[in-house]
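Just so it is clear, none of the values below were taken in a lab; they were calculated from the coordinates. The shown structure was predicted, so the numbers you read here are calculated from the model rather than taken from an experiment. No Cβ is skipped: glycine too gets one built from the backbone with ideal geometry, and neighbour counts run over all protein chains shown.
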Amino acid sequence: MPLDAIRSSLESIDASASDVSSLGVNAPVGIFDSGLGGLSVLRAVRAALPDEQLIYVADSLYAPYGERDEDFIADRTLAIGEWLIAQGAKALVVACNTATAQSIAQARERLPIPMIGVEPGIKPAALMSQTRVAGVLATAVTLRSARFQALAERHSTDCRFILQPGHGLVQAVERCDIDSPELIELLRSYIQPMLDANADTLVLGCTHYPFLDQAIRSIAGDRLALIDTSVAIARQLERQLDLHGMRAAPSRDAHAPRFCSTNDGRMQQKLVASLLGLDIDVEQVVIASRRTRALESGRA
């Protein structure tokens, strides 16, 4: 996969930073997702920027965002960003395609630190596909967002994109199901029509989906090139930290990420151990927001 192409596709979601000069270079970088999918981005960030301290927040109590309305997603993005800033974060990676598509523009108007978002790798898929047919697997909210539709339109003049909502896939990863027979059959129902249409490339349009790469391979073999933008996102973060003079000083000490969840964290702990090889504790945190206060009040 041409990394330069993926980097180029992310330029439109570069940080529009305001004053970060008051933050120390060794302040942490915040990463958040609706759940556990952003761990694929965290994995890439740790590899690219080993000296950075990281705080990861999974909003698992309210996952998946793909089943939430736009106002709810924007409300949670802002609240979690504010919480991470209160924890001292110097930059924020919104490691969620749905949250980026629906709310990063509004969040940038309110949050005073550099923000890096994610978006499906439509441009690199269009550059790579030899058959000129590419599949896109993403949440329904991402696929219907104006941001995604504009992106797809820009690159669909000579490449056909088969758009497939990944209903049920986020929930499967959240419960650490990445290879069950039921999951394989669900994935097959999404991927086989793409193969039948002669697709040779598949865009993983949700940060949960890279954890399903082996399951996808069991169905498609080598017929599909998988486009995952996690590495390019890490490089984008690196450029933003360098641009603002916020790159952490080199250190001989390994920095274990701090993991937080709005749920009890058991599934996050299990997935971190299984996929990242880290034996960690997960803090359960309360991050209230306008919509969740109303939601909890309605349950009372």
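Averaging the sequence gap over all C-alpha pairs within less than 8 Å and six or more residues apart, then dividing by the number of residues, gives the chain a relative contact order of 27 percent.
Result for the chain in a Gaussian network model with C-alpha springs under 10 Å: among Leu243, Leu84, Leu186, the largest mean-square fluctuation is at Leu243.
What does the charge add up to near Ser189, with Lys and Arg as +1, Asp and Glu as -1, over the other residues with Cβ less than 13 Å from its Cβ? Let's see the in-between values first.
Details: positive: Arg188; negative: Glu182, Glu185, Asp196.
The answer is -2.
Sorting the segments 229-240, 105-116, 174-185 by their mean number of nearby beta carbons within 10 angstrom, highest to lowest, gives 229-240, 105-116, 174-185.
Counting Cα-Cα pairs of region 124-269 in 5 Å increments starting at 0 gives whole-percent bin shares of 2, 8, 15, 18, 17, 14, 11, 8, 5, 1, 0. For Gln106 and Arg175, the difference between the fully extended length at 0.36 nm per residue and the C-alpha to C-alpha distance is 21.8 nm.
Pair-distance distribution of the chain: all C-alpha pairs, bin width 20 Å, starting at 0; shares per bin in whole percent are 36, 58, 6. Computed from backbone phi with θ = phi - 60° and the Karplus coefficients 6.51, -1.76 and 1.60, the 3J(HN,Hα) list for region 205-217 is x, 8, 5, 6, 5, x, 6, 9, 4, 5, 5, 5, 4 Hz; x is used for glycine and proline. GNM on the chain, alpha-carbon springs under 10 angstrom: the most fluctuating residue among Gly265, Gly121, Gly221 is Gly221. Spatial offset of region 234-300 relative to region 116-146 amounts to 26 Å, using the alpha carbon center of each.
Between Ala47 and Arg266, residue separation times 0.36 nm minus the direct Cα-Cα distance comes to 76.4 nm.
Suppose R0 equals 45 Å; then what is the FRET efficiency for Ile85 and Thr157 from their Cβ-Cβ distance, rounded to the nearest 0.05? Numbers along the way, then the final one.
Details: r = 41 Å, r/R0 = 0.91.
About 0.65, to the nearest 0.05.
Taking amide hydrogens as placed 1.01 Å from N in the peptide plane, the amide H of Ala225 sits under 5 Å from those of Thr201, Leu202, each at least 5 positions away in sequence or on another chain.
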